[in-house]
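The structure appears right after this line, and notes come after that.
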Amino acid sequence: MIFFNSSMPRSGSELLQVILHQNPAIYASPTSPLLEYQFGARSNFELPEVQSQPSELMQSAFASMCRGMADSYYSAITDRTNICDKNRGWLHYFEWVQQWNPQPKMICMVRDLRDVFASFERIFRENRHRPVGPDNPQQLQSMTVFDRVNYWGETQPIGLALLRLVDAFQRGIADQICFVRYEDLCGNPKGTMGGIYDYLGLPKFSHDFENVVKQVYENDSLYGPYGQHAVRKSIRPVSLKAWSSVLNEDVSIHIMEKHSWFQSRFGYVG
């Protein structure tokens with residue numbers, strides 16, 4: 001069985017992968033190139049060699065190839081029987097995945113957007129010695145916290161992830177997705193993981209939430225400071241209003257108003 005982790009940025013997707021990988025029946029990947037490999041094949045779907053043959057036959061063959069690509073890719077990586085492939089893009093291509101993996105299972109971690117933006121802002125401040133921020137003094141761009149929050153909310157990766165979520169609800173596929181709040185995973189890991197296993201249709205596993213150690217290697221330096229994937233060894237409840245140490249109340253109100261659909265949909269109303 002292959003299923004998918006297509007989560008929001010800074011919402012605990014790596015934590016979920018590390019927990020899942022404790023189960024010897026599950027291989028939980030680092031950020032995976034599988035979707036990008038399939039994009040490469042998809043980019044050639046309009047070639048004359050394809051268009052000259054019956055369209056239904058070619059679509060069926062392409063779907064079969066995508067399935068074979070996934071199976072072959074992971075057969076060289078692991079002998080575990082279940083795969084959780086991590087890539088934020090899967091959610092947007094749900095119907096494509098259905099063509100080669102009927103009734104796909106997708107997990108999407110979400111988090112209070114105030115904490116997501118605070119995480120980005122914290123990383124921004126910790127890396128002022130590096131030219132990696134969105135601020136541009138010459139163009140007077142992203143010079144304030146308000147501006148940076150707006151920038152991140154309208155660009156990759158946060159803005160893109162939010163649009164993909166809106167699109168999932170508008171397409172009517174959201175009820176097929178397992179949405180997991182980061183706060184719930186940290187506050188009640190056993191119960192939350194039990195719900196995930198129920199959704200996946202897999203036997204429950206007794207995880208060690210006091211010894212959460214990443215076992216699958218990934219070179220974080222390739223993703224820049226905003227893409228690090230470190231996890232704490234022990235799972236603890238997240239602090240209420242943790243964002244308040246980085247964002248003031250005015251910025252919080254701005255986020256709540258601008259992204260009210262997300263905050264209310266996932267229960268972030270306080």
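In this structure, does M109 turn out to be surrounded by 12 or more Cβ atoms within 10 Å (Cβ to Cβ), within 24 Å of W243 (Cα to Cα), in contact with a Pro (Cβ under 9 Å, 6 or more places away or on another chain) and not acidic (D, E)? First the steps, then the outcome.
Working: surrounded by 12 or more Cβ atoms within 10 Å (Cβ to Cβ): yes; within 24 Å of W243 (Cα to Cα): yes; in contact with a Pro (Cβ under 9 Å, 6 or more places away or on another chain): no; not acidic (D, E): yes.
Answer is no for this residue.
List the number of the failed condition for Y226; all other conditions in (1) outside any loop (DSSP other than H, G, I, E, B); (2) at pLDDT 95 or above; (3) among the aromatic types (F, W, Y) hold.
(2)
Take V97 and decide whether it is in contact (Cβ under 8 Å) with a residue 40 or more places away in the chain, part of a helix (DSSP H, G or I) and within 21 Å of I253 (Cα to Cα).
no
Here is a list of conditions, (1) of a type in the set (S, T, Y); (2) assigned to a helix (DSSP H, G or I); (3) at pLDDT 95 or above, and S206 meets all of them except one; can you say which number that is?
With respect to (1) of a type in the set (S, T, Y); (2) assigned to a helix (DSSP H, G or I); (3) at pLDDT 95 or above, S206 is out only on (2).
Just to be sure, is P48 closer than 28 Å to K190 by Cβ, exposed (fewer than 15 other Cβ atoms within 10 Å of the Cβ) and over 15 Å from the mean Cα position of the chain (by Cα)?
On the way: closer than 28 Å to K190 by Cβ: no; exposed (fewer than 15 other Cβ atoms within 10 Å of the Cβ): yes; over 15 Å from the mean Cα position of the chain (by Cα): yes.
Judged against the criteria, P48 is not a match.
Could you please tell me which pairs satisfy a Cβ distance under 6 Å, a separation of 6+ or placement on different chains, a first residue in region 140-156 that is more than 16 Å from R10 (Cβ to Cβ), and a second residue that is at pLDDT below 95?
S142/P134; S142/D135; M143/D135
Of P102, P131, which residue is within 21 Å of F169 (Cα to Cα), free of Cβ contacts under 8 Å to residues at least 40 places away in the same chain and not in a helix (DSSP H, G or I)? Steps first, answer last, please.
Numbers: P131 fails: within 21 Å of F169 (Cα to Cα).
Only one candidate qualifies: P102.
Would you point out which residue out of A161, A168 is closer than 17 Å to G12 by Cα and in contact (Cβ under 8 Å) with a residue 40 or more places away in the chain? Can you show your working first?
Working: A168 fails: closer than 17 Å to G12 by Cα.
None of the other options fit; the residue is A161.
Can you name every residue in region 90-99 that is surrounded by fewer than 20 Cβ atoms within 10 Å (Cβ to Cβ) and either farther than 17 Å from Q170 by Cα or polar (S, T, N, Q) (or both)?
Q98, Q99 - these are the residues of region 90-99 that are surrounded by fewer than 20 Cβ atoms within 10 Å (Cβ to Cβ) and either farther than 17 Å from Q170 by Cα or polar (S, T, N, Q) (or both).
Would you mention how many residues in region 97-123 are closer than 25 Å to R181 by Cα, among the hydrophobic types (A, V, I, L, M, F, W, C) and touching a Ser or Thr at 6+ places or on another chain (Cβ under 9 Å)?
7
Which numbered condition in (1) charged (D, E, K, R); (2) at pLDDT 95 or above; (3) within 26 Å of V166 (Cβ to Cβ) is the only one that D71 fails?
(3)
Each row is one residue, and each column tells you yes or no for (1) over 16 Å from S7 (Cα atoms); (2) free of Cβ contacts under 8 Å to residues at least 12 places away in the same chain.
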| site | (1), (2) |
| --- | --- |
| R111 | no, no |
| D115 | no, no |
| N127 | yes, no |
| N136 | yes, yes |
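crowded, with 18+ Cβ neighbours inside 10 Å, touching a residue at least 60 places away in the same chain (Cβ under 8 Å), in contact with a helix residue (DSSP H, G or I) (Cβ under 9 Å, 6 or more places away or on another chain) and under 15 Å from W100 (Cα atoms): which single residue out of I2, I19 fits that description?
Answer to the check: I2.
Those residues that are in contact with an Asp or Glu (Cβ under 9 Å, 6 or more places away or on another chain), of a type in the set (K, R) and either within 27 Å of W243 (Cα to Cα) or crowded, with 19+ Cβ neighbours inside 10 Å (or both), I need them from region 159-186; list them, please.
Once the filter is applied, which keeps residues that are in contact with an Asp or Glu (Cβ under 9 Å, 6 or more places away or on another chain), of a type in the set (K, R) and either within 27 Å of W243 (Cα to Cα) or crowded, with 19+ Cβ neighbours inside 10 Å (or both), region 159-186 yields only R181.
The values are calculated or read from the model by the stated rules, or taken from the named source; none is laboratory data. Source: prediction; values computed, not measured. Cβ sites come from the backbone with ideal geometry, for glycine too, and all protein chains shown count toward neighbours.
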